[in-house]
Amino acid sequence: MALIVIFCLGIGNFAVHKAVLETRHPMIWQRQWLTDRLGMNFSLFIEFLILLGAMLLVGGGYENWVWGYVGYTIVNGLAGWLILSHRV
């Protein structure tokens, strides 16, 4: 059950992340030195690694890690909302 929760939260994290990248917010272009070297989709790869790590930990029996990923999702969603609503 915990794996399903993490997977669903991961879908939401990817959606928020992609929406923020597509806004071309000025804050994203402040890290242009990073995107020029690694590409714009590198941050999506990092998002995937975080999701994969959480799923592997929970799948390996460390079910309390689901709360860490829930916390990460809350912070990620709040940051995405702030950027998408132009409050930052």
Only one of (1) under 14 Å from the mean Cα position of the chain (by Cα); (2) assigned to a loop (DSSP other than H, G, I, E, B); (3) of a type outside the set (Phe, Trp, Tyr) is not met by Val88, so which one is it? (1)
Per the filter on region 29-47, residues assigned to a helix (DSSP H, G or I) and either at pLDDT 95 or above or more than 13 Å from the chain's Cα centre (by Cα) (or both) are Trp29, Gln32, Trp33, Leu34, Thr35, Asp36, Arg37, Leu38
Please go through region 9-28 and pick out each residue that is surrounded by 14 or more Cβ atoms within 10 Å (Cβ to Cβ) and part of a loop (DSSP other than H, G, I, E, B). His25
For region 61-86, what are the residues that are closer than 22 Å to Ser43 by Cα, loosely packed, with under 13 Cβ neighbours inside 10 Å and either modelled with pLDDT under 90 or not hydroxyl-bearing (Ser, Thr, Tyr) (or both)? Gly71, Ile74, Val75, Leu78, His86
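The values are calculated or read from the model by the stated rules, or taken from the named source; none is laboratory data. Bear in mind the structure is a predicted one, so any value in this text is a computation, not a measurement. Using ideal geometry, Cβ is built from the backbone for each residue, glycine included, and neighbour counts are taken over all protein chains shown.
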